[in-house]
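Each reported figure results from applying straightforward, stated rules to the coordinates on display, with no laboratory input. What you are looking at is a predicted structure, and each value in this text was computed from that prediction instead of being measured. In this analysis, Cβ positions are derived from the backbone assuming ideal geometry, glycine residues included, and neighbour counts consider all displayed protein chains.
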Amino acid sequence: MTSMLPPTRDLPPGRQDEIRVEIEHAVAGRGQRRMRLAPVLAAATAVGAVAAGVVFLAPSSQPQTANQPAPMTTQATSAAPTTRPAPVIPGLSEERIAAIEKGCQESAGVQGTPKLYQHVGSGQGAFALIYTSNAVLTCTLDSGGMPFNSGFSSGFDPEWLPGHFSADSLGASTGGDVPGNKPIYRGVHGYRIAAGRVDSKVARVTLTADGQTVDATIANNTFVARIVHPTTWSPPEGTDFGEVRAYDAAGNLLGTNNGSGNKCFVNPQGVIVSGGWRDPNTDPKTCEPAQPWR
């Protein structure tokens, strides 16, 4: 046994700001349960859940991903019987996939077994979407001198969908040429992002923000939409992370992340797996049935 303390370690990129957001919300809501970073949920109809207390992180010494504050988890979750095929990532070797999964997980500082569901782009600024048993990781690759730089949202059960799709991560990253950033990040583009899960009925997903509308990449029952901005761009102040809209093959609107109400969803055992975060005393009997992520 030794009395030596372990060496000091730097926090994973982005984790410092995420901790700061958690502390700010814990202080603001004393007497309530601590809020964690977690998903924004979209309902099966055109009326989705509305997020409360959405926060953009202030520009820091390096590009960071801003995540929305969490719905409060009020009950334990229960896994769904998974029938999804294993994700297929064209053009990547098993070794590279494993390296991305491990590197992004270590960057985010989350637990669980990571699984890569999308790899978008190539070279500097490529993007990886990863899920664990209770988190989503949004990870930029080989950008700003960093092989892996991951944000995350957690505290939910990915095996259940609140309708046809779920927007699990909405956020933005400042450009590398914003004043105050380190020289190593010069030339890194800012961007806005929306990512999440879909069921088999979803054929198209769009993200509208900053006066633009872009189509998401859909693969392995997930979607990723990014709006790339100049290297000098900073997210505007406010709570608008943009609108995500999902459509079926005929062009019919299946849902949007913006709407009114506070829907909650339960699994077949009656356990709340999505929503219900405004009131920790939400009665599961008032919730709608969640759908397995297939």
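Here are a few things to note about the model shown:
- Per-residue ³J(HN,Hα) for the stretch 107-112, Karplus 6.51 cos²θ - 1.76 cosθ + 1.60, θ = phi - 60°, Hz, x for Gly and Pro: 5, 6, x, 10, 9, x
- Take 160-166, 174-180 and order them by the average number of nearby Cβ atoms within 10 Å per residue, most first; the result is 160-166, 174-180.
- Take the Cα of Asp240, step 7 Å toward its Cβ, do the same at Asp210, and the gap between the two points is 1.4 nm.
- Near the amide H of Trp160, within less than 5 Å, lie the amide hydrogens of Trp293, all on another chain or at least 5 residues away, with H placed in the peptide plane.
- In order along the stretch 234-247, phi translates into HN-Hα couplings of 10, x, x, 5, x, 10, 8, 8, x, 10, 9, 10, 10, 10 Hz, rounded to whole numbers, per the Karplus curve 6.51 cos²θ - 1.76 cosθ + 1.60 with θ = phi - 60° and x for Gly and Pro.
- Distances between placed amide hydrogens fall under 5 Å for Phe152 paired with Thr138, all partners being 5 or more residues away or on another chain.
- Each Lys or Arg adds one and each Asp or Glu subtracts one; over the other residues with Cβ under 14 Å from the Cβ of Gly211, this totals -2.
- Fully extending the segment from Ser122 to Glu106, taken as 0.36 nm per residue of separation minus the present Cα-Cα distance, adds 3.7 nm.
- For Ala167, distant residues with modelled amide H under 5 Å away: Ala42
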